[in-house]
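Peer 1: Take a look at this one; I'll ask things after.
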Amino acid sequence: MQIVHDALPDLDATDVDLGTSFLGRKLALPLVISGMTGGHGRALAVNELLARVAEKHGIAMGVGSQRAAIRDPLLAPTYSVVREAAPHAFVIANVGISQLVKQDREAALGARDIAQIVSMVRADALAVHLNYLEESVQPEGQTRARGALAAIAALARRSRVPIIAKETGAGITREVALRLRRAGVKAIDVGGVGGTSFAAIEALRAAAQSETARMTLGNRFRDWGVPTAVAVAGVATVGLPVIATGGVRSGLDAAKALALGATLVGVGRPLLQAALRGEEAVDQWIAEFELELRTAVFLSGARRVGELRRAAIVITGASKQWIDQLGYRRVGVRASPTRR
Ligand SMILES: Cc1cc2nc3c(=O)[nH]c(=O)nc-3n(C[C@H](O)[C@H](O)[C@H](O)COP(=O)(O)O)c2cc1C
């Protein structure tokens, strides 16, 4: 997909406003560091570094699944360090859908556990990650999903922070987003195909455990799901804020996702890899992201990043086929590039 170039933008590049608001809060950039870490040795330093960066750049940050800290409270500091290092950032707590539904060998988390998960990072929102593809490939995966939507609805009713439904690499369709909206979810992270593949990661883990059938399953399903761009196009029509995650690798990727209707983009692995190199590497990644995004907004003739969703775009290839066949239409858009 391409954003159509505007050869005569009626503004200075420096006038471009990249600020946005998400669930009632202002962010300096439409970027969230996707929830990844917590619960193990290196997580403390990585989370602290990423949180410092989030605070400094005015962006949002999620933490990884907090199940580990509910099982072992000694691990709580690997998460709570985020709030200490980022007292003003928008911080997103994280729990897996499998922890909300009773599994064969594990009870569902109770109201007190959930309150603890939120208070551990003094969260501004709670992400429920949907990862049935990953669970399906894991030898020890938790695939009891009956009642999952009802569990999300119950959580949304009693939660004092907004609930974000967050896929982790297989994408969310418009239909699922509508069910989530009815359940009381306040934002959707589409987590589509195109970035980190948990099927592939679990295939590697299965191989290491000599679980051949699971390894084959993971490899066969490595690209299963809805591509990120398609998921954004579909979910953006539902009326909830959308986070585009899954393969966003640059400010230009972000501009395209925002043009398709996303409110924010989520970036996982590239920021984790940069964090392992040090704070300077993360700062540099974000500076490049910002410059590219600013350039794309400028060259589309928009003044504010939120106006990208009205920019003229051309969708080609497989994305177009997906979008056409699923019947998705872009919201609030004039089809013609001669919009002014
Ligand atoms: C090492 C690692 C750990 C992750 N752990 C979690 C997790 O605990 N909870 C969650 O919701 N997502 C988790 N994710 C998924 C990310 O939040 C994100 O959706 C995914 O990595 C896709 O983005 P990317 O292509 O930019 O990496 C993890 C990703 C990575 C790379």
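Peer 1: Long-range amide H contacts for Ala125: which residues qualify at under 5 Å (H placed 1.01 Å from N, peptide plane, sequence gap of 5 or more or a different chain)?
Peer 2: Val91, Ala93
Peer 1: Follow-up question, since we're still on this one. Count charges around Ala203 for me, please; just the other residues with Cβ under 15 Å from its Cβ, Lys/Arg as +1, Asp/Glu as -1.
Peer 2: On the way: positive: Arg205, Arg214, Arg220, Arg222; negative: Glu134, Glu135, Glu140, Glu202, Glu211, Asp223.
Every neighbour counted, the sum reads -2.
Peer 1: Show me, for segment 110-116, the HN-Hα J-couplings you get by feeding each phi into the Karplus relation (A = 6.51, B = -1.76, C = 1.60, θ = phi - 60°), rounded to Hz, glycine and proline as x.
Peer 2: Here the 3J(HN,Hα) series is x, 4, 5, 4, 5, 4, 5 Hz.
Peer 1: Right, here's the next one. Can you return the lysines within cross-link range of Lys320? Criterion is Cα-Cα under 19 Å, with same-chain partners fewer than 8 residues away left out.
Peer 2: Lys256
Peer 1: Given only helices, namely DSSP H runs of n ≥ 4 each adding -39500 (n - 2.57), what is the per-residue ellipticity at 222 nm of the chain, to the nearest 500 deg cm²/dmol?
Peer 2: Mean residue ellipticity, 222 nm, calculated: -12500 deg cm²/dmol.
Peer 1: Taking K and R as +1 and D and E as -1, what net charge do the other residues with C-beta under 15 Å from the C-beta of Arg249 add up to?
Peer 2: On the way: positive: Lys256, Arg269; negative: Asp253, Glu288, Glu290, Glu292.
Computed value for this residue: -2.
Peer 1: Going by the alpha-carbon gyration tensor, a ≥ b ≥ c the square roots of its eigenvalues, is segment 203-340 rounded (a/c under 1.5) or, if a/c is not under 1.5, prolate (a/b greater than b/c) versus oblate? All intermediate terms of the calculation are to be shown ahead of the outcome.
Peer 2: On the way: a/c = 2.96, a/b = 1.36, b/c = 2.18.
Oblate shape, in that a/c is at least 1.5 and b/c is the bigger or equal ratio.
Peer 1: Moving on to the next point. Where a Cα-Cα gap under 16 Å defines reach, which aspartates and glutamates qualify for Lys186, not counting those fewer than 8 residues away within the same chain?
Peer 2: Cα-Cα hits under 16 Å: Asp124, Glu167, Glu175.
Peer 1: A further question on this structure: With a sphere of radius 11 Å drawn around the Cβ of Arg174, what net charge do the other residues whose Cβ falls strictly inside it have (Lys, Arg +1; Asp, Glu -1)? Numbers along the way, then the final one.
Peer 2: Details: positive: Arg179, Arg181, Arg329; negative: Glu175.
Counting the neighbours of Arg174, the net charge comes to +2.
Peer 1: Going toward the positive end of the dipole of the chain, with +1 on Lys and Arg Cβ and -1 on Asp and Glu Cβ, which of Ala60, Leu11, Trp224 do you reach last?
Peer 2: It is Trp224, whose Cα lies furthest towards the positive end.
Peer 1: Which percentage, to the nearest 5, of the DSSP beta bridges contained in segment 2-326 is antiparallel? Working shown, then result.
Peer 2: Details: 6 of 33 bridges.
Rounded to the nearest five, the antiparallel share is 20 percent.
Peer 1: In addition: How would Tyr79, Tyr132 line up from fewest to most surrounding beta-carbon atoms within 10 angstrom?
Peer 2: Working: Tyr79 28, Tyr132 17.
Listed from fewest to most nearby Cβ atoms, that is Tyr132, Tyr79.
Peer 1: Tell me, what ³J(HN,Hα) does each residue in segment 215-223 have, in order and in whole Hz, if you take phi through Karplus 6.51 cos²θ - 1.76 cosθ + 1.60 with θ = phi - 60° and put x for Gly and Pro?
Peer 2: 4, 4, 4, x, 5, 5, 9, 4, 10
Quick note: the coordinates plus some simple rules give every number you see, no bench work behind them. Bear in mind that the values here come from a model prediction, so they are computed numbers and not experimental data. Because the Cβ atoms are built from the backbone with ideal geometry, glycine has one as well, and the counts that use them run over all protein chains shown.
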